[in-house]
Amino acid sequence: MATITAETKELGQSMLDKEGKYLTFALAREEYGLEILKVREIIGYMDITAVPQTPSYVKGVINLRGQVIPVVDLRAKFGMETAEVTEQTCIIVVEITQRSRKFNTGIVVDRVQEVLDIAGANIEKSPEFGASVNTDFILGMGKIGGSVKLLLDIDKVLSGSDLNDLADSTGNTPADSTPVKPSSTQQNEAANG
């Protein structure tokens, strides 16, 4: 019984750690949220230059004030049907961390909604769907009124060597290119090979 109480308390604390401001957006009828600290800017949809031999969810690259940034179609990444570009379609430029470095990537969304301040008490762990369904990219489920917003870990959503390789080829590095220190778990994994 004490073990269950300790686990429940630890889970509650981990959800409290996720409280904060989230930029919310929509893909079709589903609503999502990104940690506001990951968002660099929101721009209107613009022409995207296709890059050959990239996965179908990589739309290509854009030139944003002299910086070439890869752009991912989040609908395609999530296996959703493609949609026509509308006046509300936009690109959210996010800063992601992969392979111990940070770089900017654009994600195409149907529409941006608002910035919400979500309390930890209103964030639940993502439900378990079984071993065949990966939900590691979900930070939690934000309960707002009568609706639920999927809070995304954008680093995990956009993880993959294809995107890293594209960022490397574009020379995409942020103004502050300080390497991110690996966690102790990553250091142990590297040491144990």
> What are the residue pairs meeting all of these: first residue in the stretch 101-127, first residue touching a residue at least 60 places away in the same chain (Cβ under 8 Å) and closer than 27 Å to Ile91 by Cα, second residue small (Gly, Ala, Ser) and outside any strand (DSSP E or B), Cβ atoms under 8 Å, and 6 or more apart or on different chains?
Replying inline: Arg101/Ser177; Lys102/Ser177; Phe103/Ala167; Thr105/Ala167; Asp110/Ala28; Asp110/Ala83
>> Take the conditions in contact with a helix residue (DSSP H, G or I) (Cβ under 8 Å, 6 or more places away or on another chain), among the hydroxyl-bearing types (Ser, Thr, Tyr) and under 20 Å from Val112 (Cβ atoms) and apply them to Tyr57. Does it pass?
In response: yes
> Quick check, is Thr97 part of a loop (DSSP other than H, G, I, E, B), farther than 27 Å from Lys143 by Cβ and at pLDDT below 95?
Replying inline: no
> Being at pLDDT 60 or above, over 21 Å from Leu64 (Cβ atoms) and part of a loop (DSSP other than H, G, I, E, B), is that true of even one residue in the stretch 139-147?
Replying inline: yes
> In this structure, is Val112 at pLDDT 95 or above, touching a helix residue (DSSP H, G or I) at 6+ places or on another chain (Cβ under 9 Å) and surrounded by 14 or more Cβ atoms within 10 Å (Cβ to Cβ)?
Replying inline: no
> Going by the structure shown, is Val115 in a loop (DSSP other than H, G, I, E, B) and among the aliphatic types (A, V, I, L, M)?
Replying inline: no
> What about Asp117, is it farther than 24 Å from Asp47 by Cα, modelled with pLDDT of 90 or more and loosely packed, with under 13 Cβ neighbours inside 10 Å?
Replying inline: yes
> Regarding Glu87, is this residue modelled with pLDDT of 95 or more, in a loop (DSSP other than H, G, I, E, B) and surrounded by fewer than 14 Cβ atoms within 10 Å (Cβ to Cβ)?
Replying inline: yes
>> Being buried (at least 17 other Cβ atoms within 10 Å of the Cβ) and more than 13 Å from Tyr32 (Cβ to Cβ) is the requirement here; does Ile107 meet it?
In response: no
> Just checking, how many residues over the stretch 32-76 are assigned to a strand (DSSP E or B), within 17 Å of the chain's Cα centre (by Cα) and of a type in the set (Ser, Thr, Tyr)?
Replying inline: 1
>> Can you find, within the stretch 127-139, the residue that is farthest from Thr82 (Cα to Cα) among those that are surrounded by 15 or more Cβ atoms within 10 Å (Cβ to Cβ) and out of contact with any helix residue (DSSP H, G or I) (no Cβ under 6 Å at 6 or more places or on another chain)?
In response: Leu139
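The values are calculated or read from the model by the stated rules, or taken from the named source; none is laboratory data. The structure presented is a predicted model; accordingly, all values stated were derived computationally and were not measured. Because the Cβ atoms are built from the backbone with ideal geometry, glycine has one as well, and the counts that use them run over all protein chains shown.
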